[in-house]
Amino acid sequence: MDRQLSQMARKDEVCRSLMTVSGVGPIVSLSFKATIDDPTRFKDSRAVAAYQGLTPRVYQSGEIDRSGNISKCGDKMMRHALYEAANSHLRIAKKWSVLRAWV
């Protein structure tokens, strides 16, 4: 099954471009493409983040303006996959930046 998913991701141009980001593999790229489906239906990247439930809730009342936790609407599995990919990317990037600082 892993081999089939890898082959599907390598054949698709969008998935190949998503997999150039460290931490993003075939499963994350295919699930992101399946979740978003038609990207032209979104105005910008903020709309995609809101669709995924990755934007903070905003509480506004008169002069009070507070940002809360993320709204968590949308696909839970996709949010989890994006979180894992971002965590992996930060782990790799952190090592690189520490090494880069010594050069």
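The values are calculated or read from the model by the stated rules, or taken from the named source; none is laboratory data. Since the structure is predicted, the reported quantities are computational estimates derived from the model, not experimental observations. Cβ placement follows ideal geometry from the backbone for every residue including glycine, while neighbour counts extend to all protein chains displayed.
Tabulated results
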read-out: Filter result (assigned to a loop (DSSP other than H, G, I, E, B) and modelled with pLDDT of 90 or more) within region 15-37; value: Met19, Thr20, Val24, Gly25
read-out: Looking only at region 27-40, and only at residues there that are surrounded by 10 or more Cβ atoms within 10 Å (Cβ to Cβ) and not hydroxyl-bearing (Ser, Thr, Tyr), the one that is farthest from Arg79 (Cα to Cα); value: Pro39
read-out: Meets criteria (within 25 Å of Glu13 (Cβ to Cβ), at pLDDT below 90 and of a type outside the set (Asp, Glu)) for Ile92; value: yes
read-out: Residue satisfying condition, being hydroxyl-bearing (Ser, Thr, Tyr) and out of contact with any strand residue (DSSP E or B) (no Cβ under 8 Å at 6 or more places or on another chain), within set Ser71, Ser45, Ser67; value: Ser45
read-out: Residue list for region 48-89, filter: surrounded by 13 or more Cβ atoms within 10 Å (Cβ to Cβ), within 14 Å of the chain's Cα centre (by Cα), farther than 14 Å from Val28 by Cα and not β-branched (Val, Ile, Thr); value: Ala49, Ala50, Tyr51, Gly53, Leu54, Gly74
read-out: Lone unmet requirement of (1) out of contact with any helix residue (DSSP H, G or I) (no Cβ under 7 Å at 6 or more places or on another chain); (2) surrounded by 13 or more Cβ atoms within 10 Å (Cβ to Cβ); (3) in a loop (DSSP other than H, G, I, E, B) for Lys43; value: (2)
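This table checks each residue for (1) among the polar types (S, T, N, Q); (2) at positive phi.
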| position | (1), (2) |
| --- | --- |
| Val21 | no, no |
| Thr40 | yes, no |
| Ala47 | no, no |
| Gly53 | no, yes |
| Ile70 | no, no |
| Met77 | no, no |
